[in-house]
Amino acid sequence: MIETPFASAKRIVVKTGSALVAEHGQPRHAWLEKLAFDIVSLRSRGFQIILVSSGAVALGRKSVGNSVSNRLDQKQAAAAIGQLRLMSAIGQAFEPHDVTIGQALLTLGDTENRRRWLNARATLETLLESGVVPVINENDTVATDEIRYGDNDRLAARVAQMMGADVLVLLSDIDGLYTADPRTHPEATHIPRLDQLTAEHDAMATGANADAGVGSGGMATKLAAARIAHAAGCSTLITLGNRDHPLLAIGDGARATLISAATTPANARAAWLAGHLTPEGSIELDEGA
Ligand code: GLU
């Protein structure tokens, strides 16, 4: 059983991957209904939840006639189609609970540029105040290779940082971090909690999630996300998403890896600068300096 960080949390960002929301190019409605149920239950206990969901590309691929291509323009066209299907499926899952969802499509620039960051934050705050569940994805249709996250794990971490979330839940196809990939190393052991992330942990994550197929984030990107969250004073929980009630299961002690927040949460602006993915400019010091 893991020590759940939910007890003291107020705001939680939940990230779900393509393999959870889509299968053979179709939405996994039954699973989404369970996820919606869990989110509604947590909200009724006073938590604010922001959902970051992948799946646009996976749900649109068939309609652009190619289910495997990695060509950027085809993926972007697939996302343009699939994003609508994704939101429609998520909206349907919340309908029985009379809960409204709102879509925010972000690009890297929205979380790197201070003015856009503040603007996005104000919008998401208003959605939360209005009782809406914000559903976020990367704006895949316009984000090109150089200016995109490419994986929603880090996007979710930046959203958690932007919104001052206490917990980031990464729903994965594995129930946490192991000392090695348990699918190829049966002797690998599960790590329930980490207070620091080191290069040693990065080495453990290599390939741990690589064969999931539809999504682009593996365990390595999950740890990169956890690092951003950690510095921003947000704990990260990596747990298995493919179960009936993935969020309620956490409270019931489901196996997970908790990466705790830095004990002294970094000053928000300093953390924002530290988490930059695309450095702009450089400083040169001459001998005299
Ligand atoms: N944003 C992409 C999508 O919605 C997925 C990125 C990822 O797999 O993390 O398909």
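Every read-out reported here was derived from the displayed coordinates using simple, explicitly stated rules and does not represent laboratory data. Note that the coordinates shown come from a computational prediction; the quantities given were computed from them, not determined experimentally. Quick reminder, even Gly has a Cβ in these numbers, built from the backbone with ideal geometry, and neighbours come from all protein chains shown.
Here is how the numbers come out for the structure above:
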quantity	calculated
Sparsely packed trypsin sites (Lys or Arg not before Pro) within the stretch 52-153, loop by DSSP, other Cβ within 10 Å at most 14	Arg71
Helix-derived mean residue ellipticity, 222 nm - over the chain, DSSP H n ≥ 4, -39500 (n - 2.57), to 500	-11500 deg cm²/dmol
The chain: antiparallel DSSP beta bridges as a percent of all, rounded to 5	25
Along each principal axis, Cα extent of the stretch 105-185, largest first, Å	46, 32, 20
Size of charge dipole - the stretch 56-116 - debye, nearest 20, with Cβ of Lys, Arg +1 and Asp, Glu -1, no other charges	300
Where labels lie 7 Å past Cα in the beta-carbon direction, separation of Ser88 and Ala7 in nm	4.5
10 Å Cβ shell holding at most 15 others, DSSP loop, GluC sites (Glu not before Pro): longest site-free stretch of the chain	4-186
Cut-off under 5 Å, modelled amide H: who pairs with Asp151 long-range	none
Inverse of mean 1/r across different Cα pairs in the chain, Kirkwood, Å	19.2
Rg/Rg_ref, the stretch 7-120, where Rg_ref = 2.2 N^0.38 Å and atoms are Cα	1.17
Antiparallel DSSP beta bridges within the stretch 3-146, percent to nearest 5	10
Reciprocal mean inverse distance between Cα atoms of the stretch 45-91 - Kirkwood radius, Å	11.4
Rg/Rg_ref, the stretch 143-203, where Rg_ref = 2.2 N^0.38 Å and atoms are Cα	1.39
Straight-distance crosslink candidates among lysines, where the alpha carbon sits under 19 Å from Lys222 and sequence neighbours closer than 8 are dropped	Lys15
Ranked list, fewest to most other Cβ atoms within 10 Å of each Cβ, for His201, His230	His201, His230
Pairs of alpha carbons in the stretch 1-61 whose separation is greater than 18 Å (percent)	44
Table column - 3J(HN,Hα) (Hz), the stretch 78-89, Karplus curve with 6.51, -1.76, 1.60, x for Gly and Pro	4, 5, 4, 7, x, 4, 5, 5, 4, 5, 5, 5
The stretch 117-164 versus the stretch 77-99: alpha-carbon centroid distance in Å	17
Selection from Leu194, Gln92, Thr16, by position along the positive dipole direction of the chain (Cβ)	Gln92
Approximate spin-label separation Arg116-His97, in nm, with each point projected 7 Å along Cα-to-Cβ	3.1
Residues with amide H under 5 Å from that of Val52, placed H, sequence gap 5 or more	Val14, Lys15, Thr16, Ile136
Debye, to nearest 20: dipole size of the chain, +1 on Lys, Arg Cβ, -1 on Asp, Glu Cβ	680
